[in-house]
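To start, the structure under review is shown below, and the notes come after it.
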Amino acid sequence: MKQRVRAILITPAGTTLLMKRVRPGTDPYWVVVGGGVEDSDASPEDALLREIREEIAGDAELVRPFHQLQNPAGETEHFYLARVATWNFDDRTGPEFARTDRGEYSLEEVPLTAGAIAELNLMPPEIASVLQDAITRGELAALYPQRS
């Protein structure tokens, strides 16, 4: 069964980067950056860093595993917490961006608050709930500088 890796990308400003998806016949929704582990990837972590480079032309530091779930397709999805220092969505290179049948992709910087996450249609719903709980408990505050 295919494994998937995703990163909760935390910026220096204490926000998170999420991919907004707009597809015909479906309400807009947001997903966490990441994708499938390929046979050529040395490890799941290497796959995730590759996906971050492809999807947002980003440079990230993986901090730690965050959550794991089984998606409806029976795939295991591994979520990691990561700090992202730089990104440039205009320089993305992922193969999915060349396919017009996959709908639109846009990168959005979202406040890392439980309220902001609750307002989004973040998929899968389980990760939205887990992320909101972690924010509420203050588990992510150490990953970004104190804001004044």
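Here's the yes/no breakdown for (1) of a type in the set (A, V, I, L, M, F, W, C); (2) over 16 Å from the mean Cα position of the chain (by Cα); (3) within 23 Å of Asp59 (Cα to Cα):
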site: Phe89; (1), (2), (3): yes, no, yes
site: Tyr105; (1), (2), (3): no, no, yes
site: Val110; (1), (2), (3): yes, no, yes
site: Thr136; (1), (2), (3): no, yes, no
site: Ala142; (1), (2), (3): yes, yes, yes
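Within the range 117-134, count every residue that is among the aliphatic types (A, V, I, L, M), part of a helix (DSSP H, G or I), more than 13 Å from the chain's Cα centre (by Cα) and surrounded by 15 or more Cβ atoms within 10 Å (Cβ to Cβ).
The qualifying residues number 2.
Just to verify a result, which residue in the range 64-89, among those that are hydroxyl-bearing (Ser, Thr, Tyr) and in contact with a Lys or Arg (Cβ under 8 Å, 6 or more places away or on another chain), is farthest from Leu9 (Cα to Cα)?
Among them, the one singled out is Thr76.
State which residue is surrounded by the fewest Cβ atoms within 10 Å (Cβ to Cβ) when the search covers only the range 13-25 and only residues that are out of contact with any strand residue (DSSP E or B) (no Cβ under 7 Å at 6 or more places or on another chain) and touching a residue at least 12 places away in the same chain (Cβ under 8 Å).
The qualifying residue surrounded by the fewest Cβ atoms within 10 Å (Cβ to Cβ) is Pro24.
Among the listed residues Ala47, Ala42, which satisfies the condition of being crowded, with 17+ Cβ neighbours inside 10 Å and modelled with pLDDT of 95 or more?
Ala47 is the lone residue from the list that is crowded, with 17+ Cβ neighbours inside 10 Å and modelled with pLDDT of 95 or more.
Got a sec? Which of Gly34, Gly103, Gly74, Gly25 is at pLDDT 95 or above and either touching a Cys at 6+ places or on another chain (Cβ under 7 Å) or at positive phi (or both)?
Of the residues listed, the single one that is at pLDDT 95 or above and either touching a Cys at 6+ places or on another chain (Cβ under 7 Å) or at positive phi (or both) is Gly34.
The values are calculated or read from the model by the stated rules, or taken from the named source; none is laboratory data. Worth saying up front: this structure is predicted, and the values here are computed from it rather than measured. Positions of Cβ are generated from backbone atoms using ideal geometry, with glycine treated the same way; all protein chains shown enter the neighbour counts.
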